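Q: Below you will find the structure I want to go over with you.
The values are calculated or read from the model by the stated rules, or taken from the named source; none is laboratory data. Treat the numbers as computed from the prediction; the structure is a model and nothing was measured. All Cβ positions, even for glycine, are placed from backbone atoms using ideal geometry, and neighbour counts span all protein chains on display.
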Amino acid sequence: TVREAGGNNISSLSATSHKALHRKSMIEKRLLLALDQKHLEVLYQPQFDLSKGKIIGVEALVRWEDEEIGVVSPDELIPIAEETGLINNIGSFVIEKACKQAVEWFKKGLDLKISINLSVHEFRDKNMAKTILNTLSKTGCPAHLIQIEITEKFALEAEAEANIIKQMRLLENEGIVFILDDFGTGYASFRYMQLLPIEILKIDHTFIHSLMMSEKNQKLVNGIVQFGKSMNITVLAEGVETEEQREVLKNYGCDLIQGYLISKPVNVKEIENIVS
Ligand code: C2E
Ligand code: MG
Ligand code: MG
Ligand code: MG
């Protein structure tokens, strides 16, 4: 009967969400353990200066393969970590790892800045700036070697916004550079450009992927590059995969590119091989 069919639908639906909930709580539990035992890893992806023709920095990207649940991609991991508050632990882990790495490369004479990803939600923690500055001094890392990529996916309430600005200004005064990540897809890309001390704008990969598909897409990307120039801001394009995309971006006057064309995210050794 109809009623039975409906009943079955409901029970199969809840079975699906039960499975999702189960996976989420598994991830939460295993993540706590992984953080405790420092089982997370970080890969680095080169950022290439188009006019200098060389790699000037790398982006740190977290990687996690758990013994029991296998690989958990950042796209699954980060939202769960944000929801549970464990994002701040991931942040601390990546920051410390990046600072140590930056110092090691600096000592080897490799001139590489490291960008780390922080969601604006991590700045809800009123001690965020202090934590970062403590890590810098603890590891002996000069502030100019660390850059912070900020992503925003949701609107923020005014109070949180005011706190974020305060924290960012503190770090800016110490010489930390901020990159606005995923530019063009966020809830408030232009508002953030106006409010926050942003020095580099990172064009989201979706605009780069569709770059060669239409004149409209090219005008859009060129527009973002010219906007950055008029604001005196460095423009970085992410997700660059082809020579054609690189040439077009170079012609627009885009400053930096990042993507599989240069290299996928790789480990420390491979970065050292690429740059030396
Ligand atoms: P994102 O910061 O925008 O990083 C770029 C993502 O695009 C990375 O995915 C990178 O591996 C991928 N990518 C790079 N070049 C190309 C390309 O040419 N083509 C394509 N198709 N993809 C490319 P990943 O590592 O899976 O990270 C996804 C997102 O997770 C990141 O986006 C970032 O928002 C977040 N994330 C990663 N690590 C961390 C972290 O340590 N902390 C926080 N808060 N977020 C992180
Ligand atoms: Mg990023
Ligand atoms: Mg991005
Ligand atoms: Mg992204």
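Q: Can you tell me which residue in segment 68-108 is modelled with the lowest pLDDT, limited to those that are hydroxyl-bearing (Ser, Thr, Tyr) and in a helix (DSSP H, G or I)?
A: Of all residues in segment 68-108, those hydroxyl-bearing (Ser, Thr, Tyr) come to 73, 84, 92.
Next cut, in a helix (DSSP H, G or I) only: 84, 92.
On the way: Thr84: 90, Ser92: 94.
Taking the candidates together, the pick is Thr84.
Q: Just to be sure, is Ile146 farther than 13 Å from Ile95 by Cβ, touching a residue at least 24 places away in the same chain (Cβ under 8 Å), within 16 Å of ligand 2 (Cβ to nearest atom) and crowded, with 20+ Cβ neighbours inside 10 Å? Talk me through it step by step, then tell me what you get.
A: Numbers: farther than 13 Å from Ile95 by Cβ: no; touching a residue at least 24 places away in the same chain (Cβ under 8 Å): yes; within 16 Å of ligand 2 (Cβ to nearest atom): yes; crowded, with 20+ Cβ neighbours inside 10 Å: yes.
Criteria not met by Ile146.
Q: Also: Among the residues of segment 185-198, are any within 29 Å of Gln245 (Cβ to Cβ), within 14 Å of ligand 2 (Cβ to nearest atom) and basic (Lys, Arg)?
A: Looking through segment 185-198, none of the residues is within 29 Å of Gln245 (Cβ to Cβ), within 14 Å of ligand 2 (Cβ to nearest atom) and basic (Lys, Arg).
Q: Moving on to the next point. Only one of these is buried (at least 16 other Cβ atoms within 10 Å of the Cβ), touching a residue at least 40 places away in the same chain (Cβ under 8 Å) and within 16 Å of ligand 4 (Cβ to nearest atom): Gly239, Gly259. Name it. Give the steps one after another, and end with the answer.
A: Details: Gly239 fails: touching a residue at least 40 places away in the same chain (Cβ under 8 Å).
Testing whether each residue is buried (at least 16 other Cβ atoms within 10 Å of the Cβ), touching a residue at least 40 places away in the same chain (Cβ under 8 Å) and within 16 Å of ligand 4 (Cβ to nearest atom) leaves just Gly259.
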